[in-house]
1. Can you find a residue that is within 26 Å of Gln35 (Cα to Cα), loosely packed, with under 11 Cβ neighbours inside 10 Å and either touching a helix residue (DSSP H, G or I) at 6+ places or on another chain (Cβ under 9 Å) or in contact (Cβ under 8 Å) with a residue 12 or more places away in the chain (or both) anywhere in segment 90-110?
2. Which count do you get for residues in segment 20-43 that are assigned to a helix (DSSP H, G or I), over 17 Å from the mean Cα position of the chain (by Cα) and loosely packed, with under 12 Cβ neighbours inside 10 Å?
3. So, in segment 74-89, how many residues would count as being without any contact (Cβ under 8 Å) to a residue 12 or more places away in the chain and farther than 18 Å from Phe53 by Cβ?
4. Among the candidates Ala76, Ala67, which residue alone is of a type in the set (A, V, I, L, M, F, W, C), in contact with a helix residue (DSSP H, G or I) (Cβ under 8 Å, 6 or more places away or on another chain) and on the phi < 0 side of the Ramachandran plot?
5. Only one of (1) open to solvent by 50 Å² or more (accessible area, probe 1.4 Å); (2) without any contact (Cβ under 8 Å) to a residue 12 or more places away in the chain; (3) not β-branched (Val, Ile, Thr) is not met by Arg49, so which one is it?
Amino acid sequence: MHGEAIEAKAEFFDVYLELAEDFGLPVRLLGEDAQRLSGFPLRELAAERGVPFADATIPLGRLGQSATDVEASIRALPPGVYEITCRVAIDSDEIRGISPDWRSRTDAYALLRQLDWAKLNVARMNYRPLVRLMREGAF
């Protein structure tokens, strides 16, 4: 799966970084495990060019299956910028009809809604703050 991501293909990676630089945008990068499989140091190359990215990308399932597990895993993370990835959906006839993994998506949505974000001492954000930092030259 990760081997098909554009950032994992050396022949496209320079173009990916050039576009990020031209438009002043951060990039989404594979985690360190997937980077090893790609065969080139994509995270280091982006850092050398001043293109921001999350310190780590963590699939929701690796953090745990319950809100308590996920909250404990998040609290244990060192300070940094993390992208928690998951595929979420609200339960509906539509999602049940188009996605064979609809239950995992609706479960992920329910799990994220159960988390007590206020007590986690984290700032939830999208990529806009990273865009701002990059465009201000602060990264």
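The values are calculated or read from the model by the stated rules, or taken from the named source; none is laboratory data. Just so it is clear, the model here is predicted, and its values are computed rather than measured. FYI the Cβ positions are ideal-geometry reconstructions off the backbone, even for glycines, and counts take in every protein chain you see. These accessible areas exclude ligands, DNA and RNA; they are computed on the full protein's heavy atoms, side chains included. Shrake-Rupley method; radii C 1.70, N 1.55, O 1.52, S 1.80 Å.
1. no
2. Of the residues in that region, 4 qualify.
3. Looking only at that region, the number is 1.
4. Working: Ala76 fails: in contact with a helix residue (DSSP H, G or I) (Cβ under 8 Å, 6 or more places away or on another chain).
None of the others qualify; the one that does is Ala67.
5. Of everything listed in (1) open to solvent by 50 Å² or more (accessible area, probe 1.4 Å); (2) without any contact (Cβ under 8 Å) to a residue 12 or more places away in the chain; (3) not β-branched (Val, Ile, Thr), Arg49 misses just condition (2).
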